[in-house]
Every structure is written in structure tokens, then in C-alpha cells.
Amino acid sequence: MIESLNKAFCALPGVGKKTAQRFVYHLLERNREGGMNLAKALVDAMEHVKHCSSCRTLSEKDICNICANNNRTNTQLCVVETPTDIHAIEQSHIYKGKYFVLSGYLSPIDGIGASELGLDELEQKLHQQDIEEIILATNATIEGEVTAHYISNMAKQFEVRITRIAHGIPIGGELEYADINTIAHALSGRKDYDL
Amino acid sequence: MAKIDLTPAFLIHRRAFKDTSLLLDFFTQEHGKIRLVGRGSRKSKAPIQMFQHIKISFSGKSDLKSLNDVEVDDQPRSLQGEALILGMYANELIARLLQDQDPYFELFEIYKQFINQLPKLGKQASYWALRLFENSLLSELGYGLDFEHDVNGDEIDTRIECKYEYQSQVGFTKRSIGKISGNTIQLMLAEDVLNTPNVEQLKVCRDLNRARLHPLLGNKPLQSRLLFWSKN
Ligand SMILES: [Zn+2]
């Protein structure tokens, strides 16, 4: 039993045998109640969390809270790589539209193509709904850029404004500490300065 | 090989490996194509960029050597849109066709030039640059074609009405029903992108090189072709 619990903890990212053992002894010796709660919460989540049928994020309900929220506009759709990205954007409280989660990026060499990312669903959405703007918020990595390019080509057939989130110098950051690629990107993506 | 210091390289592919590491495929000047483990690389604040000339140090005796150090030896270059996809396509060709740890000095220089000019070229010219890169790659691998003579050793007739057919891995045969004009074959001798062929000729060259690459790639087509969105 102890051994299988050890192994189970190794499923967590960043947790090796040693750390797993620490977790196991901690729960068994010091916090049985915490352990019971963890077990129950895990079973609940594993059994009941699925993907929102509209935006593909993780959700307990068929339609997630964001998609079901009538106070949010349906005319803006923000495409992100992971549910964590939604969480990050939501914390800024600046975006009032809806999302679409790819759960990854395009990498045909590794067997991840358009259908794995639900891009046919996205195309359907653009076709059927009154979306005015699609915001490409994939990561500023080569893979994120390739994915954004593919989606923009697909979206071009619809009457929709296609935008890409800006990448650049962190707010409060100083130029001299930014790496050259970030500086180059920030310069090429500069915009008019409104007084 | 125990320890290699600062050898010129390009990153051509990367994928996640365990929790915090990356499996990195490099095209290096002196050691050809090589796969290294970048331990902890996923957490790096300044990740290694593709399409940027770098110098890498690596070590290890096993099959899977470790990346120890990276120095950027280039200006920032961000390939965007179509240019980025063409770059990915070139990277996949290298990943698929080059022997592991076999140096290809000349091809390394040609790849470097190709990547360098890619952001500056227009659409047609960038496709032409890719065709010329394919030509160099095929030549380096020993599959070069004689663009000056047909299979019988006769000089290619470069008049536009003169048609040829490509015979797999052999060469060109003069045939009235052929799809390749002698004029287009002559274009393939180009060493730089200065004179970009017209759209029709570009298509013929694309199909020709696709046919030439096919036996080398076998039944597994190039996956980066899937990066081009097309309405089906
Ligand atoms: Zn949703």
C-alpha cells in the first residue's frame, strides 16, 4: 500500500521517488485528515472534471462559467494554448470576451496536428457565430508563432479581425536587462504613441 | 568524444523531456546533426531560439549527450508567417535526411545563408530559396542531378517548347508529353535567388524536388507540409 502510494505521487510533475516518499510519510504520520481530503478531492475531480464543450477548457459543467456568462461579449474570441493561460489573462480583469483552448501547439513532427488542437471546431465557431475579432494569444515561442500563423490563415476566409497579443519588455522592467530577442520583438511590434 | 566546446550550431527541433528538460536536435558545423538533453532547459528565462546562429558545448559518452552551454553568435532573427513555415520545413528535411553525427560542412554554410536571407525575401523568392536549398541538400547526400544533360548525355535543349520527363533518380528524358521544359531545368542551375522563376516554373520545380525527395523520405511524408493551412 505504501509502495503504491509512493508510485502514485510520482505522477505529479517535478516529483521524484524521494519527494514522493516525503509526501507519503507526512500524510500517514502527521496529517491523515489532509490525506483523506486529498483523496476525496482527487477522486471527485478525476471523475467529474471534463472539457467545456464550447471552449475546451477544464470544467465541471458541460459549459464552463466563462462561456455561460452573459455579461461577456461573444464577439471577441481569445485563443490560448492551455487552461492556465485563461487563468493568467483573467487575473488582469481587462478581457471581457470568450476563449478557445488548444491544449497545446501545432507540432506535426510530434504527431500534433490541426485536429488534435480542435481547430476544426474553431473553424466551425468562426463560421456559425458572430465573432468580430479573434485574438491569437499563443506563446511567443516558435511553436506558438507557427500555430498563430496557421490559425490566422484559416480565419482569413471569414470576416473577422485577426490580432496577435503584443510581446515585449516586462512592465517595470529595464531595457538593459531584457534579452536581445525580446528587445528586437518589442521594437518591431512598436506602436504609435498617443499623447 | 567526451567534451566539445563552443561548436557552431543551429537548433532545428525541440520537445519536452521529463519535467524540466528538453530534447534538442541541433545541426552543427563539425558534428552534423546531433540530439542533446538540455537539463532544466524548460525553465530557462532566455530559451534557445531556432533560426539563430549559436555556439554550443556538450559532453557525455552515452547515446544521449548533455548540452552544457550556449552562446548566441547572431543578431536576433524572428521569422514570421510563411518564412517561419519554410524554415520549419527546411529543419524537418535536415532532421529526417541527415545521418546522425556526420559532418556536412558545406550544407551548414548553405543552411546558414538560407536562414539569413529568408526574412528579407518576398513570397516567390523565399520559395525559390527553399528549392535551391533542397538542391544543395540532395547534392550533398549524393543525389545531385545533372541539369545540363539528359540521360543520354545530350545537352538539355533550353528552349521553352522543349519538354522533358524526370525519371526517378536517373535524370531527364526528352519527351513531347513531358511536364518540365528545358528552360525550367536550366533555372535549377542557379546558385542564388537573384532571378526568381515565374509562378508556373516554381510549381514545376516544387513538383520535381518533391519527386526527388520522395524515395528518400519513404512512406512517411514531411509533417511540416501540414503547417500550411489549406481549405479542403
Ligand atoms: Zn467554456
ask   = Got a sec? Which of A:97, A:104, A:111 is over 27 Å from residue B:46 (Cβ atoms), within 14 Å of another protein chain (Cβ to nearest Cβ) and surrounded by fewer than 19 Cβ atoms within 10 Å (Cβ to Cβ)?
value = A:111
task = Give me the pairs, please: first residue somewhere in region A:62-76 and more than 8 Å from the ligand (Cβ to nearest atom), second residue anywhere and among the β-branched types (Val, Ile, Thr), beta-carbon distance under 9 Å, and either six or more positions apart or on two chains.
result = A:72/A:66; A:74/A:131; A:75/A:131; A:76/A:131; A:76/A:134; A:76/A:135
request  = Within region B:143-188, track down each residue that is hydrophobic (A, V, I, L, M, F, W, C) and out of contact with any helix residue (DSSP H, G or I) (no Cβ under 9 Å at 6 or more places or on another chain).
outcome  = B:151, B:170, B:177
task = Being crowded, with 17+ Cβ neighbours inside 10 Å, more than 9 Å from chain B (Cβ to nearest Cβ), farther than 15 Å from residue A:54 by Cα and not aromatic (Phe, Trp, Tyr) narrows it down to one of A:122, A:136, so name that one.
result = A:136
note = Counted residues in region B:83-122 being at the interface with another protein chain (Cβ under 10 Å from one of its Cβ atoms) and surrounded by fewer than 16 Cβ atoms within 10 Å (Cβ to Cβ) come to 0
message = Just to verify a result, which residue in region A:141-177, among those that are among the charged types (D, E, K, R) and without any contact (Cβ under 8 Å) to a residue 24 or more places away in the chain, is nearest to residue A:113 (Cα to Cα)?
response = A:145
query = Based on what the data block shows, is residue A:168 farther than 27 Å from residue B:119 by Cβ and part of a loop (DSSP other than H, G, I, E, B)?
reply = no
Options A:20, A:8, A:41; residue that is in a helix (DSSP H, G or I), more than 16 Å from the ligand (Cβ to nearest atom) and closer than 30 Å to residue A:100 by Cβ = A:41
query = If you check every pair at least six apart or on different chains, which have Cβ atoms under 7 Å apart with a residue in region B:105-127 that is within 16 Å of residue B:77 (Cα to Cα) first and a residue that is among the basic types (Lys, Arg) and surrounded by fewer than 19 Cβ atoms within 10 Å (Cβ to Cβ) second?
reply = B:119/B:77
task = Return a yes/no flag: does region B:60-70 have any residue that is closer than 30 Å to residue B:191 by Cβ and aliphatic (A, V, I, L, M).
result = no
ask   = Among (1) within 14 Å of another protein chain (Cβ to nearest Cβ); (2) more than 17 Å from the chain's Cα centre (by Cα); (3) of a type outside the set (Lys, Arg), which single condition is residue B:219 missing?
value = (1)
note = Out of (1) within 9 Å of another protein chain (Cβ to nearest Cβ); (2) buried (at least 22 other Cβ atoms within 10 Å of the Cβ), the one residue B:9 does not meet is (1)
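Taken together, the values in this text are just the output of simple stated rules run on the coordinates, not laboratory data. Note that the coordinates shown come from a computational prediction; the quantities given were computed from them, not determined experimentally. Cβ atoms come from the backbone with ideal geometry, glycine included; neighbour counts cover every protein chain shown.
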